1. Can you confirm whether residue 126 is in contact with a Gly (Cβ under 9 Å, 6 or more places away or on another chain) and surrounded by fewer than 17 Cβ atoms within 10 Å (Cβ to Cβ)?
2. Hey, among the residues in region 101-158 that are charged (D, E, K, R) and assigned to a helix (DSSP H, G or I), which one's nearest to the chain's Cα centre (by Cα)?
3. hydroxyl-bearing (Ser, Thr, Tyr), exposed (fewer than 14 other Cβ atoms within 10 Å of the Cβ), part of a helix (DSSP H, G or I) and in contact with a Gly (Cβ under 8 Å, 6 or more places away or on another chain): which single residue out of 18, 55, 32 fits that description?
4. Residue 10: assigned to a helix (DSSP H, G or I), out of contact with any Gly (no Cβ under 7 Å at 6 or more places or on another chain) and surrounded by 15 or more Cβ atoms within 10 Å (Cβ to Cβ), yes or no?
5. Within the bounds of region 69-79, is there any residue that is at pLDDT below 95, surrounded by 13 or more Cβ atoms within 10 Å (Cβ to Cβ) and among the aliphatic types (A, V, I, L, M)?
6. State which residue is surrounded by the most Cβ atoms within 10 Å (Cβ to Cβ) when the search covers only region 170-185 and only residues that are touching a residue at least 40 places away in the same chain (Cβ under 8 Å) and under 15 Å from residue 131 (Cα atoms).
7. Can you tell me which condition residue 54 does not meet? The list is (1) farther than 18 Å from residue 106 by Cα; (2) within 18 Å of the chain's Cα centre (by Cα), and all the others hold.
Amino acid sequence: MLSIEERIQGFLFRPSATFDASKGDTLGDSITYLVVILAIFAAIFGTFISIYIGTLLSVIMPLIPQIPGISAPMPPSIGAIGPLVAILLFVLFFVSVLIGGIISAFIGGLWTHIWVFLVGGRKGVAQTIKAIMYGATPNLLLAFMPWAVIVQVIGIRELQELSTGRAILAVILAIIIPVILFVALFIAFVPSMLGPFPGQPFPLPTGPGFGGY
């Protein structure tokens, strides 16, 4: 069985061979791998976000008493709120990424498997979910979504033993149909919720004094 490091390198640079070597992995193996790369992603980006916001608050909070109209004195320790907020943000971001990432992978895998099944994939839903989890590697570690989609196509092709064309079709359908539905709902409901747009003519009033007779 491949190690975590071998899997990361493989899914980034040798996806076809690595998926072929991962056919015997259990769903638990893929979840463990996903948790590791989600933790790496959350640690890196969570650190940047929390440091940025914490530093910003440490600078801004002591300046609040100088704003005209604010007479209440601020406690001397108000500047320490920045680091505390930074730590809290990091923890919340880290936990949210782990939970949200796992849930999204399962939902995405189940949705994609509908189209995988329709194009002929018969190796089970677990293999599709594994392809989605392993295929997330480029997006989480390199922030490169196009390569992640390609890796997921390769994963579905290898794990479901489909042709490249059928794997591409399944992934494209899984991506494009929600987009079409969203656009259709947007066109159908948003204009009626917002009312007339700027420049849209309103009905002209009629009656005495308004050109009516």
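The values are calculated or read from the model by the stated rules, or taken from the named source; none is laboratory data. The model shown is predicted, which means the values in this text are computed figures rather than measured ones. No Cβ is skipped: glycine too gets one built from the backbone with ideal geometry, and neighbour counts run over all protein chains shown.
1. yes
2. Taking the candidates together, the pick is 130.
3. 55
4. Yes: the conditions hold for residue 10.
5. yes
6. 170
7. Status for residue 54: all satisfied but (2).
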